[in-house]
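So the structure is just underneath, and the comments pick up after that.
Read-outs throughout are calculated quantities, based only on the coordinates presented, and are distinct from any laboratory measurement. For clarity, every value in this text was computed on a predicted model and none was experimentally measured. In this analysis, Cβ positions are derived from the backbone assuming ideal geometry, glycine residues included, and neighbour counts consider all displayed protein chains.
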There are 2 protein chains.
Amino acid sequence: MATLQERLHIQYPIVQGGMVWCSGWRLASAVSNAGGLGLLGAGSMHPDTLELHIQRCKAATNKPFGVNVPLMYPDIEAIMAIIIREKVPIVFTSAGNPKAWTATLHEHGITVGHVVSNTTFARKCDEAGVDIIVAEGMEAGGHNGREETSTLCLLPQVRAVTDKLLLAAGGISSKASFQAAMALGADGVQMGTRFALSAESSAHPAFKAYCRNLNEGQTKLLLKRLSPTRLAQNPFSERVAEAEAHGISLEDLKALQGKGRAKKGIFEGDLEEGMLEIGQTAGSIRHEETVADIFADLFA
Amino acid sequence: MATLQERLHIQYPIVQGGMVWCSGWRLASAVSNAGGLGLLGAGSMHPDTLELHIQRCKAATNKPFGVNVPLMYPDIEAIMAIIIREKVPIVFTSAGNPKAWTATLHEHGITVGHVVSNTTFARKCDEAGVDIIVAEGMEAGGHNGREETSTLCLLPQVRAVTDKLLLAAGGISSKASFQAAMALGADGVQMGTRFALSAESSAHPAFKAYCRNLNEGQTKLLLKRLSPTRLAQNPFSERVAEAEAHGISLEDLKALQGKGRAKKGIFEGDLEEGMLEIGQTAGSIRHEETVADIFADLFA
């Protein structure tokens, strides 16, 4: 079987997770230029915005890049039409059924990855003919599976049920954790948090600085009745944690969350009222750095 | 600096976690005889029972073994007096301040390990002169830290603040996860769950069989207002989860838990009403095996 690098035509087995409000053309093209696979995060883009970012990404790199598409996205048909029209070579889907789009994308020669948090969905990926499975543990920032299985426990269990190319995601941010993931049986890794805090990320500088000062234990899985989401501790997350400890209803939780809080926190830098989606490994990242710095640190 | 093996006079860098209702003299001596370090779990023993287990362990192995002592144990003075009188060479403490007993144990030539779930306590271990730090992630069975940091994220952060000998614990049950832990910077690992389900464990056969059939996602961190505890899913855990989702008060939670449920579940095999403390990696363990089988699998 081809290696991940052969399959994706990349130099290093590193995929940059497609993250809301962080991963536009600047980040994705920087990662692809550095020898990894950059992914545009469609989850926070209107279709027109995505089209623009795809075009800019093509102008900024002649290496392969892809798009991450959360399948519960309302404009999913429009998004996929743009991806196909623009001949994006790689799509990573998440938050939905891998059978929904894999065949269509394959018809257009697109390589398909899908993100899972349990073995049930890993088997569904296998059946759907997905090319690459991403096993994402509970350390990951933002939206998470309900099982709260860590990468250390999840990866070997997914490896046991599929022969597909397999990426470890969640909690990986360093050479040591990359090597640990490979020891667990991964063909490569997807890294989010470290790239989210890099210079090329479109996240607000105040968000990046805040996350670089977190200690372990200062991100939490919250909003569990809606969709478990890992957030950095801030006044908004504290209100959610308090309400959840007191058994808040689903409706009241929706009202408490409101709309647009991820944009407010990550993109606009509102550290009080925004939702600060970031992974548990933020506590290991302390310094400002570029994408090139990250690859030098991982592979020097 | 001496390696873990040199420091503990053992062949392999594997410590068997001292677990309530699982780790009596039979399990601890089997692990020590196989070349690891066996630990008696004082947390579920009256002082007289511990004394008996220490004496039987000495009769069953001439290799080093130790005792795990949760420091919130009510009979702590009596327990420590027995350990010192019986000249047990190694003590792992947990659930308390590492400064409380380290100096006393050192005066008697006893090597001291301490279990932590965050860097704050790792630093306290350093200051207290503890010999070995165990960084235990949220995958671990039974009592857990409040931070819910996974082993993958915790180990490198603890490694960054101390030069002490460092064990990774939580989620480690296989050659691959052992190698992953070593890649993360550990000097060795502490394994609980796999030994808890081995033939030599004093857990009830029904408990072992039940845990070998769990899938990922079927253990959960519960009882968070009391002391976060990882339990296998069963009717009792479902009642707790439901009550916690509805904001149960601390007093009502204490009443719901009642007394003696860990013994009931683990030692007596009551799969409906017992507390089934087991780690997240149970989902990777499917077959009956002895301690010798485990070491052969890890080091063949």
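The figures follow:
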item: Geometric extent, Cα atoms of the protein assembly as shown - Rg, Dmax (angstrom); result: 24.3, 78
item: Shortest-first nm distances, residue A:292 label point to equivalent points in other copies (7 Å, Cα→Cβ); result: 6.0
item: Gaussian network model of chain B, Cα within-10 Å springs - most flexible of B:258, B:113, B:185; result: B:258
item: Segment A:84-162: trypsin sites (Lys or Arg not before Pro) in DSSP loop, at most 15 other beta carbons within 10 Å; result: A:87, A:99, A:146
item: Under the Karplus curve 6.51 cos²θ - 1.76 cosθ + 1.60, θ = phi - 60°, whole-Hz ³J(HN,Hα) for segment B:105-115, x wherever Gly or Pro sits; result: 5, 4, 4, 9, x, 8, 6, 10, x, 9, 9
item: Amide H within-cut-off set for residue B:222, under 5 Å, with H built and near neighbours excluded; result: B:229, B:230, B:231
item: Nearby lysines by direct alpha-carbon distance to residue A:264 (threshold 25 angstrom, same-chain neighbours under 8 apart not counted); result: A:208, A:220, A:224, A:254
item: Mean separation of Cα contacts under 8 Å (6+ apart) over length of segment B:205-282, as relative contact order %; result: 40
item: Axis-proximal residue, chain A, for the rotation superposing A on B (Cβ, Å); result: A:247, 1
item: Protection-proxy order for peptides B:244-251, A:115-122, each taking the mean of Cβ atoms within 10 Å per residue, highest first; result: A:115-122, B:244-251
item: Estimated FRET transfer efficiency when R0 is 25 angstrom, pair residue B:2-residue B:104 (beta carbons, to 0.05); result: 0.65
item: Degrees, to the nearest 10: A:76-85 long Cα axis against longest axis of chain A; result: 30
item: Shielding by partners, peptide A:181-190 (average Cβ within 10 angstrom, other chains); result: 3
item: Peptide A:216-222 - average C-beta neighbours from other chains (10 Å radius); result: 5
item: Spherically averaged projected area in nm², based on the convex hull that wraps the Cα atoms of chain A; result: 13.9
item: Angle in degrees between helix A:25-34 and the longest Cα principal axis of chain A, rounded to the nearest 10; result: 50
item: Qualifying trypsin sites (Lys or Arg not before Pro) in segment A:237-279, DSSP loop, other Cβ atoms within 10 Å at most 15; result: A:259
item: Built amide H within the under 5 Å cut-off of residue B:150, gap 5+; result: B:138
item: Computed label-point distance, nm, for sites residue B:46 and residue B:85 using a 7 Å Cα→Cβ extension; result: 1.5
item: Average beta-carbon neighbours from other chains, 10 Å sphere, peptide A:153-164; result: 4
item: For segment A:234-250, Karplus couplings with θ = phi - 60° (6.51, -1.76, 1.60), whole Hz, Gly/Pro x; result: 7, x, 5, 5, 5, 5, 5, 4, 4, 5, 5, 5, 9, x, 4, 6, 4
item: Debye log10 I(q)/I(0) for segment B:205-282, one point scatterer per Cα, at q = 0.16 Å⁻¹; result: -0.53
item: Rel. contact order, % - alpha carbon contacts under 8 angstrom, at least six apart, chain A; result: 17
item: For A:187, A:297, B:75, order by how many other beta-carbon atoms lie within 10 Å, fewest first; result: A:297, B:75, A:187
item: J(HN,Hα) series, segment A:178-193, from Karplus relation 6.51 cos²θ - 1.76 cosθ + 1.60, nearest Hz, glycine and proline x; result: 4, 5, 4, 4, 5, 4, 6, x, 6, 8, x, 10, 10, 10, x, 3
item: Relative contact order computed over segment B:1-122 (Cα-Cα under 8 Å; 6+ residues apart), in percent; result: 20
item: Residue B:66 long-range amide H proximity, modeled H, under 5 Å; result: B:38, B:39, B:40
item: Per-selection Kirkwood Rh - segment B:257-300 (Cα, Å, 1 d.p.); result: 12.4
item: Kirkwood Rh in Å, taken over segment A:152-300 so that all alpha-carbon pairs contribute; result: 16.6
